[in-house]
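All remarks here apply to the structure that follows.
The values are calculated or read from the model by the stated rules, or taken from the named source; none is laboratory data. Keep in mind that this is a model prediction, so the values were computed, not measured. With ideal geometry, Cβ positions are generated from the backbone for all residues, glycine too; neighbour counts draw on all protein chains shown. Side chains included, ligands, DNA and RNA excluded: accessible areas come from the protein's heavy atoms. Shrake-Rupley method; radii C 1.70, N 1.55, O 1.52, S 1.80 Å.
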Amino acid sequence: MPTALLSQLYPAHLETLQNRTRIALERGGFDHLVIAAGQPRYQFLDDLPYPFQVNPHFKQWLPVTRAPGSWLVITPGQKPRLIYLQPHDYRHVVPEAPAGYWVEHFDIVIVREAAAAAAHLPANAARCAIIGEDTAAVAEHRPNNPEAVLNHLHFHRAWKTEYELAMMRVASHLGARAHRAAEAAFRSGASEYAIQMAYLGAARETENELPYSNIVCLNEHGAVLHYTNLERNPPVVSHSLLIDAGASFHGYACDITRTYAGADAAEFQQLVAAVDDAQRDFCARVRAGTSYPELHVHAHHVLAGILREQGFIRMSAESAVESGVSSAFFPHGLGHYIGLQVHDVGGFQAAESGGTLARPAGHPYLRLTRTIEAGQVMTIEPGIYFIDLLLAELKQNPAAGDVVWDKVDAFRQYGGVRIEDDVVCTAGEPENLTRDAFAALK
């Protein structure tokens, strides 16, 4: 992405964050917002750290994701301060000196030791809303994560600035390019591990740089929603590939899922195509004023209709939803917010002051219960699966007699179908970040 574009978009982004912070501090009764980048955590009885993940509140302010021990101080009416830890160290790679389009907007202080940051934080820690993990404390400045402040910031994080959308478009392009490489590896008969390696090579990111652990499923493994085993040997026949994999750009994520049928799986391809058509329609319904829970329930009816049309059930779609049969084949939510985190915060929040919007009865795994508004970004990820555990439970359902078990059993070898895009609600037609990214590769 051209640095000039980011330079143009960044000041408005910063102003938005400053305005949100000012109101959040007023509501919490604090003078300063202090954000800890975080500290590495070490494995039990070892000196080996887990991969460092920066505080999402920190990386929202500036494109820095590899500066543990650093701090941000935001005081309304003043230039934000970055206390940047750049230690003298010959055992590890030291964070590079701050540089780029964003540095002119900060008062930057370089420290060589983590404890030295305390001298540059506000003197009265009691007047600070300090956001971070407990391990990030320095001197008297210990994260207190005040609820009133976090509620306001988390609620408003649902609305992305133009700068944030630009970041997410780049992440989507990285992810789409890597998905193309993964599909090619699948078509060549590669193992799950080899498909993962092809993905990483095309994304040009390490596993630790990805926003989440990739889900790469051949055949029946697609029935495990969070499968991450990565078999080293390819199966005798690759009937199907379900790959749920993302990419990151300056801390912003994409989340993409695609399902492919093998050369011998024409009947499975029909199911993939039907779910893909339905998913495109759900994406088109990402409009301001739409209830996301209602869209989720609508998806259940549509997917139940597919199950009936393709001969998996004999009952009506309405009966399949009411009886819980549809949930045995589609056991997760339609999607979630995405941005600084893959499952971004605030999905259940009733208002900027807090509160919770309950999930619809019978849908315990939905991650987003708010009304869709322009500027928000969410995933749309319907699926149909053949999960042994859920199918065994379904056989105890009074409606089990309306399930065509021979057809269902024949599809266990494919695992399941999931199609996922990241979609921006706008004032008009929704922007599909994922489909646009794939289209740009052609």
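Of all the criteria given as (1) crowded, with 20+ Cβ neighbours inside 10 Å; (2) free of Cβ contacts under 8 Å to residues at least 40 places away in the same chain; (3) not hydrophobic (A, V, I, L, M, F, W, C), the one not satisfied by Tyr385 is (2).
From the list Ala392, Ala361, Ala439, which residue is open to solvent by 30 Å² or more (accessible area, probe 1.4 Å), without any contact (Cβ under 8 Å) to a residue 12 or more places away in the chain and under 20 Å from Val224 (Cα atoms)?
Ala392
Filtering segment 56-84 down to residues that are open to solvent by 20 Å² or more (accessible area, probe 1.4 Å) and in contact (Cβ under 8 Å) with a residue 60 or more places away in the chain, which residue is farthest from Asp134 (Cα to Cα)? Of everything passing the filter in segment 56-84, Pro63 is farthest from Asp134 (Cα to Cα).
Just to verify a result, which residue in segment 97-118, among those that are within 24 Å of Leu9 (Cβ to Cβ) and touching a Pro at 6+ places or on another chain (Cβ under 6 Å), is most open to solvent (accessible area, probe 1.4 Å)? Ranking the candidates gives Ile108 first.
Would you check if there is a residue in segment 328-339 being open to solvent by 40 Å² or more (accessible area, probe 1.4 Å) and in contact (Cβ under 8 Å) with a residue 24 or more places away in the chain? No, there is no match, as no residue in segment 328-339 is open to solvent by 40 Å² or more (accessible area, probe 1.4 Å) and in contact (Cβ under 8 Å) with a residue 24 or more places away in the chain. A search for C-beta distances below 9 Å between a residue of segment 85-96 that is exposed (fewer than 10 other Cβ atoms within 10 Å of the Cβ) and any residue that is modelled with pLDDT of 85 or more, counting only pairs 6+ apart in sequence or on different chains, returns His88/Val94; His88/Arg112; His88/Glu113; Val93/Arg66.
Which one is nearest to the chain's Cα centre (by Cα) among residues in segment 230-248 that are of a type outside the set (S, T, N, Q) and buried (at least 22 other Cβ atoms within 10 Å of the Cβ)?
Applying the filter and picking the extreme gives Gly246.
Taking segment 385-442 as the range and being small (Gly, Ala, Ser) and farther than 21 Å from Gly246 by Cα as the test, the residues that pass are Ala392, Ala399, Ala400, Gly401, Ala410, Ala427, Gly428.
Given the structure, is Pro40 without any contact (Cβ under 8 Å) to a residue 60 or more places away in the chain and open to solvent by less than 50 Å² (accessible area, probe 1.4 Å)? Considered against the rule, which asks whether it is without any contact (Cβ under 8 Å) to a residue 60 or more places away in the chain and open to solvent by less than 50 Å² (accessible area, probe 1.4 Å), Pro40 comes out as yes. Does Leu153 satisfy the condition of being closer than 13 Å to Leu25 by Cα, part of a helix (DSSP H, G or I) and of a type in the set (A, V, I, L, M)? Yes, satisfied. Taking residues in segment 211-234 that are part of a loop (DSSP other than H, G, I, E, B), and partners anywhere that are among the small types (Gly, Ala, Ser) and surrounded by fewer than 17 Cβ atoms within 10 Å (Cβ to Cβ), the pairs with Cβ atoms closer than 7 Å and at least 6 places apart or on different chains are Thr228/Ser213; Pro234/Gly189. On the given criteria, is Asp421 buried (at least 20 other Cβ atoms within 10 Å of the Cβ) and in a loop (DSSP other than H, G, I, E, B)? In short, no.
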